[in-house]
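What follows is a short report on a single structure.
What follows is calculated from the coordinates using simple rules that are stated; it is not laboratory data. Keep in mind the model is a prediction, meaning the values are calculated, not measured. So basically every Cβ, Gly included, is an ideal-geometry build from the backbone, and we count neighbours across all protein chains shown.
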Amino acid sequence: MRERKKRKLKVSTVLVHLALLVLVFINIFPLYWMLTFSLKTNDEILGYSYKDPETGVRVQVPPNHVGLPHQWEWSNYAEAMNTGNMGQYFLNSLVVSVSAIAITMVASFMATYALTRLVWKGRKMMNKFFMLGLTIPIHASIVPVYIILSRMSLLNTYMALIFPYAAFSLSMGILISTGFMGDIPYDLDEAAFLDGCGVWGIFLRIIAPLMMPAIATVGIYTFLQCWNELLFATIFVSSGQYRTLPVGVQQLFGQYTTRWGPIGAALSIATIPTLIVYIFLSKRIQDSFIAGAVKG
Amino acid sequence: MKRTFTYRLHIFLFLLPALILFVGILIAPIVMSAWYSVHDFNSISSTKMDFVGLDNYVTLFSREMINPETGKVFANDKFMGDALVNSLILAVLSVFIQLPLSLIIALKLSKGIRGERAYLSIFFMPVLISTVIIGRLWMNIYDPGKAGILNAALRATGADQWLFPWISGRITSSKLAFTGQWTGFRETALGAAFVPILWQYVGYHMLLMYAGIKGVPSELLEAAELDGCSEGQVNRHIIIPYIKPILKVSVIFAVTGSLKSFDLIYALMKDTTKAELPSTLMYKLLFLHNRYGLGSAIAVVLIVLCFAFALLITLAFRDKGEKVS
């Protein structure tokens with residue numbers, strides 16, 4: 001019996017699992033390390049020495065690189081939140097991302113409706129025009145938008161990020177919505193039209209309520225783009241009050257060049273919420289990335 | 001439906017929000033960037049712009065960029081040619097190391113291995129973390145002091161004894177000896193930047209490929225199995241041709257992503273000149289030297305290259321597909 005079981009467990013399968021587990025370790029370890037050093041003191045991270053009061057001999061304490069903290073230094077988190085202002089940056093990122101999502105969603109649903117369910121000459125061309133946005137790098141907008149924002153005194157406001165983020169999420173929004181809207185039966189439009197609904201009535205009463213699944217997909221995709229964006233954020237919002245999380249983290253390093261604990265805490269504060277959401281919505285989040293790429 | 005004036009007006013109204021955003025923030029700025037790029041333009045508060053033709057492009061690719069204020073050569077070691085070469089090296093590494101690795105993992109996972117969903121979710125996780133955070137985290141990993149985990153591991157295993165002198169011997173850009181400053185030398189910085197890129201994006205490409213492989217009709221795979229195809233043959237002749245559209249997306253993403261890359265290098269290094277990329281050069285020209293014309297020229301070069309590569313890759317994938325069928 002035992003021998004038969006052993007033979008069933010193929011060597012190749014074991015090797016594949018072993019290789020995959022090594023990859024799991026490589027994926028997890030940097031995050032584990034970040035969490036542990038966010039809870040350590042500088043002494044523990046760098047190692048230190050002290051003079052034993054009884055014998056008078058200098059005792060070397062080596063750095064604790066990979067172990068759990070000997071003493072959990074929660075004050076690092078308090079410092080990152082208070083002095084490092086991570087709470088404010090977190091809120092800013094949330095305001096900017098959620099507003100950008102709302103605008104992207106409304107604009108791309110409306111445009112998709114006109115592009116897929118209303119019949120007119122040139123709608124294919126218009127769709128291709130919007131799809132150019134998938135390839136246009138954000139660098140294209142930096143100088144002109146910076147100059148326009150600065151002339152309108154809109155630098156260092158939420159607006160300075162919300163509209164550019166929405167604009168750069170639009171093409172993907174339209175691409176994803178096109179897939180979802182195509183799944184809604186066209187008979188519904190016709191029936192509603194015969195019942196006396198106009199184009200707006202059809203859009204608001206029939207199409208919009210059926211686009212709920214698209215809201216999650218477009219929303220997740222847009223959210224991650226905005227939440228993690230750095231280039232626009234550093235350039236358009238350099239002032240402290242409206243900084244987003246990535247900019248805040250970047251600035252924090254200027255303040256604490258040699259203090260590892262608060263730096264680790266700031267990195268963790270910026271990372272943990274995303275990971276918690278991912279644990280609960282992993283399938284949904286993965287699907288939104290797939291929807292964005294597969295149809296492209 | 002009827003094609004009355006009101007119908008057309010409604011179509012226009014439906015498109016209006018998207019058009020305003022898209023034209024206002026993406027299309028018009030391209031035209032404006034092109035316009036700025038042929039002007040000498042060093043202050044946003046003044047409207048004075050001197051037409052200089054293609055001078056900015058010439059300056060960008062020549063070795064000397066003179067700062068007009070100080071008269072000093074400020075960009076002798078960070079000109080556009082080097083930056084472009086660096087980003088192309090990243091692109092090549094991504095396409096030939098990252099994508100094959102992703103494909104291998106996706107192929108293994110999609111064959112119904114135990115715990116495939118758990119593996120998939122863990123491998124995809126780094127994609128969700130902000131690139132700035134990853135850059136900063138890796139900056140700590142590479143730290144040349146006592147706390148850096150990479151050098152600590154090398155010291156603990158004794159590998160530093162032979163590895164550091166070996167790397168030192170290969171460094172020609174500086175007289176300093178290599179003692180673990182991974183991001184401090186031109187010879188090592190780009191490689192040091194590629195590792196976190198690899199770490200973050202293998203999962204992304206793997207997920208797309210995995211989804212593609214799961215879309216291969218099971219009849220095809222069963223038929224191949226009945227014909228006695230080995231796993232390698234199935235992969236080569238059925239799965240990979242089938243997921244070609246996804247491979248195309250991955251290649252385009254990897255190449256244009258490398259051209260546009262900014263966050264990681266900017267977060268990873270105090271001194272980006274060691275692995276200068278077009279974006280970091282553009283950032284410096286704009287916001288340290290106020291050279292808006294030159295910065296716009298870089299933007300235009302990037303726009304053209306992104307479209308050119310997207311087109312070339314699409315063509316490359318289409319040609320092969322036609323030969324197969």
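Side notes on the structure shown:
- Nonlocal amide H pairs with residue A:61, under 5 Å, H built at 1.01 Å: A:48, A:49, A:50
- Charge-dipole axis of the range A:76-294 as Lys and Arg at +1 and Asp and Glu at -1 on Cβ define it, positive-most pick from A:169, A:87, A:133: A:133
- To the nearest ten degrees, helix A:245-255 and the longest principal axis of the Cα atoms of chain A are 30 degrees apart.
- Taking 0.36 nm per residue of sequence separation and removing the Cα-Cα distance, the residue B:161/residue B:225 pair yields an extension gain of 17.9 nm.
- 222 nm mean residue ellipticity, helices alone, for chain A (DSSP H n ≥ 4; -39,500 (n - 2.57); rounded to 500): -22500 deg cm²/dmol
- Computed label-point distance, nm, for sites residue B:28 and residue B:111 using a 7 Å Cα→Cβ extension: 5.6
- The magnitude of the dipole of the range A:2-73, with charges of +1 and -1 set on the Cβ of Lys/Arg and Asp/Glu and taken from the Cα centre, is near 1120 debye.
- Cα centre as origin, Lys/Arg/Asp/Glu Cβ charges: the range A:198-296 dipole, Debye: 120
- All other residues whose Cβ lies under 15 angstrom from that of residue A:195 are scored, Lys and Arg at +1 and Asp and Glu at -1, for a net of -2.
- Among A:97, A:177, A:12: highest mean-square fluctuation, GNM of chain A, C-alpha pairs under 10 Å: A:12
- Once the Cβ-Cβ distance of residue B:171 and residue A:215 is raised to the sixth power relative to R0 = 51 Å, the FRET efficiency obtained is 0.45.
- For B:113-126, mean number of other protein chain Cβ atoms within 10 Å: 5
- Positive end of the dipole of the protein assembly as shown (Cβ unit charges, origin at the Cα centre): among A:188, B:62, A:275, the Cα lying farthest that way belongs to A:188.
- Placing +1 on the Cβ of every Lys and Arg and -1 on the Cβ of every Asp and Glu, with no other charges, gives the protein assembly as shown a dipole of roughly 1020 debye about its Cα centre.
- Residue-wise HN-Hα coupling along the range A:132-146, computed from phi with Karplus coefficients 6.51, -1.76, 1.60 (Hz; x: Gly, Pro): 4, x, 5, 9, 5, x, 5, 4, 4, 8, 4, 5, x, 5, 4
- Between helix A:11-37 and chain A there is an angle of about 80 degrees, using the helix long axis and the longest principal axis of the Cα atoms.
- Here B:85, A:277 are placed in order of increasing Cβ neighbour count within 10 Å, fewest first, which gives B:85, A:277.
- Just checking the listed ones, B:112, B:295, B:148: in the Gaussian network model of chain B with Cα springs under 10 Å, the one fluctuating most is B:112.
- Nonlocal amide H pairs with residue B:39, under 5 Å, H built at 1.01 Å: B:52
- Under 15 Å, Cβ to Cβ, from residue A:73 - net charge with Lys/Arg +1 and Asp/Glu -1: -1
- Global form of the protein assembly as shown, assessed from the alpha-carbon gyration tensor, a/c cut-off 1.5: oblate
- Residues A:17, B:39, sorted so that the one with the fewest Cβ neighbours within 10 Å comes first: A:17, B:39
- Among the listed pairs B:108/B:260; A:10/B:248; A:283/B:248; B:111/B:248; A:10/B:214; B:108/B:270, those beyond 28 Å (Cα-Cα): B:108/B:260; A:10/B:248; B:108/B:270
- Helix A:86-116 axis, angle to chain A major axis (alpha carbon atoms, nearest 10°): 20
- Remark: the range B:118-131, residue by residue, has Karplus-estimated 3J(HN,Hα) of 5, 4, 4, 5, 5, 5, 7, 3, x, 4, 7, 7, 4, 4 Hz, where x stands for each Gly or Pro and the curve is 6.51 cos²θ - 1.76 cosθ + 1.60 at θ = phi - 60°.
- Counts of other chain beta carbons within 10 angstrom of each beta carbon in peptide B:25-37 average 6.
- Take each residue of peptide A:130-136, count the partner chain Cβ atoms within 10 Å of its Cβ, and average: the result is 5.
- Converting phi to 3J(HN,Hα) with the Karplus coefficients 6.51, -1.76 and 1.60 and the offset θ = phi - 60°, the range B:167-178 yields 5, 3, x, 9, 8, 10, 7, 8, 8, 5, 7, 7 Hz in sequence order, with x at every glycine or proline.
- Selected from B:22, A:74, A:233, residue furthest toward positive end of dipole (the protein assembly as shown; charges at beta carbon): B:22
- Taking the average, over residues, of other Cβ atoms within 10 Å as the packing measure, peptides A:234-245, B:164-175 rank A:234-245, B:164-175 from highest down.
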